[in-house]
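Asks: This is the structure I have questions about; it appears just below.
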Amino acid sequence: MKHTPKPDMVLKGIFMAKKTLKEIRINRAWCKGCRICVHFCPGQVLECDAQDKAVVQRPQDCTCCMECELRCPDLAIEVIVEHPKEAAHG
Amino acid sequence: MDDNVRFLQGNDVCVQAALYAGLEFFAGYPITPSTEIAENLAYHLPRQGGKFIQMEDEIASMCAIIGASLTGRKVMTATSGPGFSLMQESLGFAIMAEIPCVIVNVQRGGPSTGLPTGPSQGDVLQARWGTHGDHAIIVLTASNHQDVFRMTVDAFNLAETYRTPVILLLDEVIGHMREKVILPEKGAIPVVDRLRTSVKAGIDYHPYLPREDGRLPMSDFGGEHRYHVTGLFHDMWGFPTTNPKIVHGLLRHLNDKIKNNISDINRMKEYFIDDARTILISYGSSARSALHVVHNRRARGERIGLLELQTLWPFPYTQVAEKCEKARQIVVVEMNMGQVLLQVKRAVSRPERVMLANRIDGVFITPTDIRNILRLIHGKGV
Amino acid sequence: MAVQDYIRKRFFPHLWCQGCGHGIVLNSLIRAIEELGIRKNDLVMVSGIGCSSRITGYVDVHTLHTLHGRALAFATGVKMSRPELRVIVPMGDGDALAIGGNHFIHSARRNIDMTALVMNNQIYGMTGGQFSPLSGPGVKATTAPFGNIDHGFDVVKLATAAGASFVARTTTYHVHQMISILKEAISHKGFSVVEIMSQCPTYFGRKNKLGGAVDMLDYFKSHTTAKGSDAHKKDPLMIERGIFVKEDRPEYCSDYDMLVKELQLKGDA
């Protein structure tokens, strides 16, 4: 009983599992190059380029965890995900 | 007997007039000699569905009325010397952000804690220049309760018309004295309501773009238009800017909207001015004694008159100069060390004609005091 | 509505420094507002002066950028006048608790329905790095060149003692927690206080040799722990995060309205 997950967690888990990356959009004009997204990305997807702007280096490793988007102080990152349902209709 | 005839303290009259003018929100903090205004509003406002709040200090009181005014309410606070000093910063905010509000300062003796229960008119220049930066301000005053009523209503009307704070500068004598007052019937004194924008929702609204006549139609906070309000120099949408052209334009606008309307804002009363050789200039409670002296001396055939100022700021320099042109002596009667005296000297030609009759000891200036000073001026001794 | 619809894009990139925690607060705040589905016209944000207070310029709601320390007093006027509006008051640590300390405790005491955010970066950033009432002893600042001897407030304890009916703490590292706490705080009926530990790499970080924004976020990660956790029991110096107070208490504006209704029922009005 103790370990029964709450229903919303189950739902979240299902969605998380099925989410796939469509695109990581980085607004270069807004990015100030603090490297927070680079450092805290669990899949090392992002890097900073010569102009100190975040760039997507390994999109295939993205787990769509959204950590970069949520922690970006410049509101410069948007992780666009695709749910299988949407893809089917799209 | 008429129901509207009352025997009230000046502070009570101010409350009655504020309600007449449509006061909806009051925030304040107790301080002598203005406290009765807060006490009375704590009783009256909730009974009429209005809002009364006692804040933690005068700073917060002033800030709270500005916030409430933005949402479209007619607002007021009341205080005295030390509290008025605390309000200066937010007074500047209301000037900069063009937010209508009325601040009553029932003057007491200063500086500092001074004489809480003693009369003084020492805040005339503070009312003008207490907050920092170039700015314009409207300051009204009154010498009797009928005028307290009228000036209080006018204070609200001018605040709403020019989107600016208006200071009602009363004094301890006026605030605490009881005398007869006739409360006007509804409609007897015009009440100005806020000019609101006619711009429809979804259309770009410029809260800080003055019309050709200098007036700014407002949109209530919480209404259909979302905008920014700041104490920084701002553009026509209200957003901060350091653009010299916009800074210049806004500072000019804030000053011009008052300066260009002196004739509308100025209020003064004159008694026997036309042939007067000696003109007394006074305001507030001092003007009562001055008027008494004028009546007494006129009865004896002396050519003396009184110019009673009701608008202290913007100071009516031109009007005072015109009225005083033919006078041999101009005697400013006030309870300070010559704050209005300075303005009158600036206003008139041959400023050597201007003299001061004052008291600064926390005691009300009496007709005898003025008479003695006039005798000294005329070389007759006391 | 998309998250980005809540911001005034024409003012971006914002004025905050590289890696400033206040941007993360803005990021979480608009997500919380969006997830709660609050209409932009129903929301008022009131701020004071400082780096933190510039947040109001970026959010597309009714925004009032006031005086240093006075945001809560202005907000009290807005809320009392129009209780149906939601009011959020983002403040800096000096703004909220030095110059604005009196308004802070009295707003808490009144339990007036608004959400006070203390964006705590332990420093005055806008003026160039002076110590604040949340810096604490030992901290280096331009006005404490030999180390600060001034003790800091504990915002959570202060707000609790003053009577706030919702009190929480989180950090800019813990963005999921921040969003969920902000949602609860904004939904709470009464005075809610959320302390958000936020990094100032430019002044606090540099002065105190804490590294850049990344290092400072790592510090929040390693030096804070969930409220009541074992980690905190083992090491009481670990700063606790979470919701510390959440109580239903009479709210000021509702009580005032009740008073007005009672007077009207008595026919006294």
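The values are calculated or read from the model by the stated rules, or taken from the named source; none is laboratory data. The model shown is predicted, which means the values in this text are computed figures rather than measured ones. Positions of Cβ are generated from backbone atoms using ideal geometry, with glycine treated the same way; all protein chains shown enter the neighbour counts. When the accessible area is computed, the model is the full protein with side chains, heavy atoms only, and any ligands, DNA or RNA have been set aside. Shrake-Rupley method; radii C 1.70, N 1.55, O 1.52, S 1.80 Å.
Asks: Is it true that some residue in the stretch B:176-189 is open to solvent by less than 10 Å² (accessible area, probe 1.4 Å) and of a type outside the set (A, V, I, L, M)?
Replies: Filtering the stretch B:176-189 down to residues open to solvent by less than 10 Å² (accessible area, probe 1.4 Å) leaves B:181.
Still in the list and also of a type outside the set (A, V, I, L, M): none.
For the stretch B:176-189, residues open to solvent by less than 10 Å² (accessible area, probe 1.4 Å) and of a type outside the set (A, V, I, L, M): absent.
Asks: Also, quick follow-up: Out of the stretch B:136-188, which residues are out of contact with any Asp or Glu (no Cβ under 8 Å at 6 or more places or on another chain), under 13 Å from B:Gln16 (Cα atoms) and β-branched (Val, Ile, Thr)?
Replies: B:Val148, B:Thr152, B:Val153, B:Val181 - these are the residues of the stretch B:136-188 that are out of contact with any Asp or Glu (no Cβ under 8 Å at 6 or more places or on another chain), under 13 Å from B:Gln16 (Cα atoms) and β-branched (Val, Ile, Thr).
Asks: Select the helices (runs of 4 or more DSSP H) contained entirely in the stretch B:203-307, then report the ones holding at least 3 residues which are within 30 Å of B:Gly122 (Cα to Cα) and touching a Pro at 6+ places or on another chain (Cβ under 7 Å).
Replies: Output list reads B:244-259, B:286-299.
Asks: Report, by residue number, each residue of the stretch C:205-216 that is open to solvent by less than 40 Å² (accessible area, probe 1.4 Å), more than 19 Å from C:Met178 (Cβ to Cβ) and not in a loop (DSSP other than H, G, I, E, B).
Replies: Result: C:Gly205, single match.
Asks: Okay, next question. Can you name the residue in the stretch B:27-57 that is away from every other protein chain (no Cβ under 11 Å) and open to solvent by less than 10 Å² (accessible area, probe 1.4 Å) and is also nearest to C:Leu263 (Cα to Cα) among such residues?
Replies: If we take residues in the stretch B:27-57 being away from every other protein chain (no Cβ under 11 Å) and open to solvent by less than 10 Å² (accessible area, probe 1.4 Å), then B:Leu41 is nearest to C:Leu263 (Cα to Cα).
Asks: Looking at this structure, is C:Phe104 touching a Gly at 6+ places or on another chain (Cβ under 6 Å), more than 28 Å from C:Asp215 (Cα to Cα) and aromatic (Phe, Trp, Tyr)?
Replies: no
Asks: Among the residues of the stretch C:66-78 satisfying the criterion of being open to solvent by 10 Å² or more (accessible area, probe 1.4 Å) and in contact with an Asp or Glu (Cβ under 7 Å, 6 or more places away or on another chain), which is farthest from the other protein chains (Cβ to nearest Cβ)?
Replies: C:His68
Asks: Given the conditions (1) within 11 Å of chain B (Cβ to nearest Cβ); (2) in a strand (DSSP E or B), and given that C:Ala116 satisfies all but one, which numbered condition is not satisfied?
Replies: (1)
Asks: Can you confirm whether B:Ala60 is of a type in the set (A, V, I, L, M), away from chain C (no Cβ under 14 Å) and open to solvent by less than 30 Å² (accessible area, probe 1.4 Å)?
Replies: no
Asks: Going through the stretch C:39-65 one residue at a time, which ones are open to solvent by 10 Å² or more (accessible area, probe 1.4 Å) and more than 10 Å from every other protein chain (Cβ to nearest Cβ)?
Replies: C:Arg39, C:Gly50, C:Cys51
Asks: Going by the structure shown, is C:Leu134 open to solvent by 10 Å² or more (accessible area, probe 1.4 Å), within 14 Å of another protein chain (Cβ to nearest Cβ) and in contact with an Asp or Glu (Cβ under 8 Å, 6 or more places away or on another chain)? Explain how you work it out, then say what you get.
Replies: Values: open to solvent by 10 Å² or more (accessible area, probe 1.4 Å): yes; within 14 Å of another protein chain (Cβ to nearest Cβ): no; in contact with an Asp or Glu (Cβ under 8 Å, 6 or more places away or on another chain): yes.
Considered against the rule, which asks whether it is open to solvent by 10 Å² or more (accessible area, probe 1.4 Å), within 14 Å of another protein chain (Cβ to nearest Cβ) and in contact with an Asp or Glu (Cβ under 8 Å, 6 or more places away or on another chain), C:Leu134 comes out as no.
Asks: Among (1) open to solvent by 20 Å² or more (accessible area, probe 1.4 Å); (2) touching a helix residue (DSSP H, G or I) at 6+ places or on another chain (Cβ under 6 Å); (3) in contact (Cβ under 8 Å) with a residue 40 or more places away in the chain; (4) not β-branched (Val, Ile, Thr), which single condition is B:Gly110 missing?
Replies: It fails just one condition, (3).
Asks: Something else about it: Going by the structure shown, is B:Glu308 of a type in the set (Asp, Glu) and in contact with a Leu (Cβ under 6 Å, 6 or more places away or on another chain)? Walk me through it before giving the result.
Replies: Working: of a type in the set (Asp, Glu): yes; in contact with a Leu (Cβ under 6 Å, 6 or more places away or on another chain): no.
No, not satisfied.
Asks: Filter the stretch A:23-39 down to residues that are more than 20 Å from C:Thr202 (Cα to Cα) and surrounded by 17 or more Cβ atoms within 10 Å (Cβ to Cβ) and give me whichever is nearest to the other protein chains (Cβ to nearest Cβ). Walk me through how you get there before you give the answer.
Replies: Taking the stretch A:23-39 as the starting set, the residues that turn out to be more than 20 Å from C:Thr202 (Cα to Cα) are A:23-29.
If we keep only those that are surrounded by 17 or more Cβ atoms within 10 Å (Cβ to Cβ) as well, we get A:24, A:26-27.
Numbers: A:Ile24: 15, A:Ile26: 13, A:Asn27: 8 Å.
For the stretch A:23-39, the residue satisfying everything is A:Asn27.
Asks: Taking C:Lys221 as the residue in question, decide whether it is at the interface with another protein chain (Cβ under 10 Å from one of its Cβ atoms), within 22 Å of C:Gly136 (Cα to Cα) and either surrounded by fewer than 21 Cβ atoms within 10 Å (Cβ to Cβ) or touching an Asp or Glu at 6+ places or on another chain (Cβ under 7 Å) (or both). Steps first, please.
Replies: On the way: at the interface with another protein chain (Cβ under 10 Å from one of its Cβ atoms): yes; within 22 Å of C:Gly136 (Cα to Cα): yes; either surrounded by fewer than 21 Cβ atoms within 10 Å (Cβ to Cβ) or touching an Asp or Glu at 6+ places or on another chain (Cβ under 7 Å) (or both): yes.
So C:Lys221 fits the description; yes.
Asks: Are there any pairs, at least 6 apart or on different chains, whose C-beta atoms fall under 6 Å, with the first in the stretch C:206-220 and polar (S, T, N, Q) and the second at pLDDT 95 or above, and if so, which?
Replies: If the second residue must be at pLDDT 95 or above, the pairs left are C:Asn208/C:Lys140.
Asks: Would you check if B:Asn266 is over 20 Å from B:Leu342 (Cβ atoms) and not β-branched (Val, Ile, Thr)?
Replies: Against the criterion (over 20 Å from B:Leu342 (Cβ atoms) and not β-branched (Val, Ile, Thr)), B:Asn266 does not qualify.
Asks: Moving on. Can you tell me which residue is farthest from the other protein chains (Cβ to nearest Cβ) among those in the stretch C:83-110 that are surrounded by fewer than 24 Cβ atoms within 10 Å (Cβ to Cβ) and in a loop (DSSP other than H, G, I, E, B)?
Replies: If we take residues in the stretch C:83-110 being surrounded by fewer than 24 Cβ atoms within 10 Å (Cβ to Cβ) and in a loop (DSSP other than H, G, I, E, B), then C:Pro83 is farthest from the other protein chains (Cβ to nearest Cβ).
Asks: Oh, and also: Within the stretch B:72-92, is even one residue under 21 Å from B:Asp147 (Cβ atoms), surrounded by fewer than 21 Cβ atoms within 10 Å (Cβ to Cβ), more than 11 Å from every other protein chain (Cβ to nearest Cβ) and in contact with a Lys or Arg (Cβ under 8 Å, 6 or more places away or on another chain)?
Replies: no
Asks: Filtering the stretch C:8-30 down to residues that are of a type outside the set (S, T, N, Q), open to solvent by less than 10 Å² (accessible area, probe 1.4 Å) and outside any loop (DSSP other than H, G, I, E, B), which residue is nearest to the other protein chains (Cβ to nearest Cβ)?
Replies: So, considering only residues that are of a type outside the set (S, T, N, Q), open to solvent by less than 10 Å² (accessible area, probe 1.4 Å) and outside any loop (DSSP other than H, G, I, E, B), the one nearest to the other protein chains (Cβ to nearest Cβ) is C:Gly23.
Asks: Do we have B:Pro165 as touching a residue at least 12 places away in the same chain (Cβ under 8 Å) and in contact with a Cys (Cβ under 7 Å, 6 or more places away or on another chain) here?
Replies: yes
Asks: OK, next. Answer with yes or no whether C:Ala141 is in contact with a helix residue (DSSP H, G or I) (Cβ under 7 Å, 6 or more places away or on another chain), crowded, with 21+ Cβ neighbours inside 10 Å, within 14 Å of another protein chain (Cβ to nearest Cβ) and not β-branched (Val, Ile, Thr).
Replies: Numbers: in contact with a helix residue (DSSP H, G or I) (Cβ under 7 Å, 6 or more places away or on another chain): yes; crowded, with 21+ Cβ neighbours inside 10 Å: yes; within 14 Å of another protein chain (Cβ to nearest Cβ): no; not β-branched (Val, Ile, Thr): yes.
Answer is no for this residue.
Asks: Restricting to the stretch C:141-188, what's the tally of residues that are outside any strand (DSSP E or B), under 18 Å from C:Ser107 (Cα atoms), touching a Ser or Thr at 6+ places or on another chain (Cβ under 8 Å) and not hydroxyl-bearing (Ser, Thr, Tyr)? Working first, answer last.
Replies: The initial filter retains those residues of the stretch C:141-188 that are outside any strand (DSSP E or B), namely C:142-143, C:145-165, C:172-188.
The next check asks that each one be under 18 Å from C:Ser107 (Cα atoms); those that pass are C:153-165, C:185-188.
Next, only the ones that are touching a Ser or Thr at 6+ places or on another chain (Cβ under 8 Å) stay: C:164-165, C:185-186, C:188.
Still in the running and not hydroxyl-bearing (Ser, Thr, Tyr): C:164, C:185-186, C:188.
Selection size over the stretch C:141-188: 4.
Yes/no matrix, rows are residues, columns are (1) open to solvent by less than 60 Å² (accessible area, probe 1.4 Å); (2) within 21 Å of B:Asp147 (Cβ to Cβ):
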| position | (1), (2) |
| --- | --- |
| B:Gly284 | yes, yes |
| B:Ser289 | yes, yes |
| B:Tyr317 | no, no |
| B:Cys324 | yes, no |
| B:Gln329 | yes, no |
| B:Thr368 | no, no |
| B:Lys380 | no, no |
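Asks: For the stretch B:209-235, name all the residues that are away from chain C (no Cβ under 14 Å) and open to solvent by 60 Å² or more (accessible area, probe 1.4 Å). Steps first, please.
Replies: Let us first name the residues in the stretch B:209-235 that are away from chain C (no Cβ under 14 Å), namely B:209-217.
Matches in the stretch B:209-235: B:Leu209, B:Arg211, B:Glu212, B:Asp213.
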